[in-house]
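Each reported figure results from applying straightforward, stated rules to the coordinates on display, with no laboratory input. Here the structure is a predicted model, which means the values were calculated and not measured. All Cβ positions, glycine included, derive from the backbone under ideal geometry; neighbour counts span all protein chains shown.
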């Protein structure tokens, strides 16, 4: 049961943070990304808060022998930077700019604006399936 409660609590906190921060509002996200138009800087505070939380987490992680809810840390390194990852990141950014949503806020938006968020989530899942089929993993 504990194996399910920790991810559920983390996901709930993450979704609440996305909603409170305005990341589930596509208009606000597109306004933030529109640097040369009607730029909306409010999401800069959300991102600044995320950077602050991660700085604290990285500092705490360095002092820990092992994670609280796992057997070992699974941390990225520079070997993880592959052309596939960089290309996928570029596609992610383009999609985020067009839709105003990314996967986390897209799922959280299902509770707020289910009709429009469902279109995004369905398209995202179709894209994920297409990649798996193209790479022969499906």
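Note on residue 13 and residue 44: their simple-model spin labels are 2.8 nm apart, each label 7 Å out from Cα toward Cβ. Computed on the stretch 2-134, with alpha-carbon pairs under 8 angstrom and 6+ residues apart, the relative contact order is 30 percent. Relative to its Kirkwood radius, the Cα radius of gyration of the chain gives an Rg/Rh of 0.99. With N counted as the residues of the stretch 33-106, its alpha-carbon radius of gyration over 2.2 N^0.38 Å works out to 1.46.
Using 1/(1 + (r/R0)^6) with R0 = 22 angstrom and r between the beta carbons of residue 94 and residue 126, what's the FRET efficiency to the nearest 0.05? Rounded to the nearest 0.05, the efficiency is 0.85. When you count the other C-beta atoms within 10 angstrom of each residue and take the mean per peptide, 100-112, 119-131, 35-47 line up highest first as 100-112, 119-131, 35-47.
By how many nm would the segment from residue 65 to residue 1 lengthen if fully extended, with 0.36 nm per residue of separation less the alpha-carbon distance?
Contour length minus the Cα-Cα distance gives 20.6 nm.
Full extension of the chain segment joining residue 33 with residue 113 gains 26.7 nm, where the gain is 0.36 nm per residue of separation less the Cα-Cα distance. Can you show me the helix-derived [θ] at 222 nm for the chain, built from DSSP H runs with n ≥ 4 at -39,500 (n - 2.57) apiece and divided by the number of residues, rounded to the nearest 500. That comes out to -23000 deg cm²/dmol.
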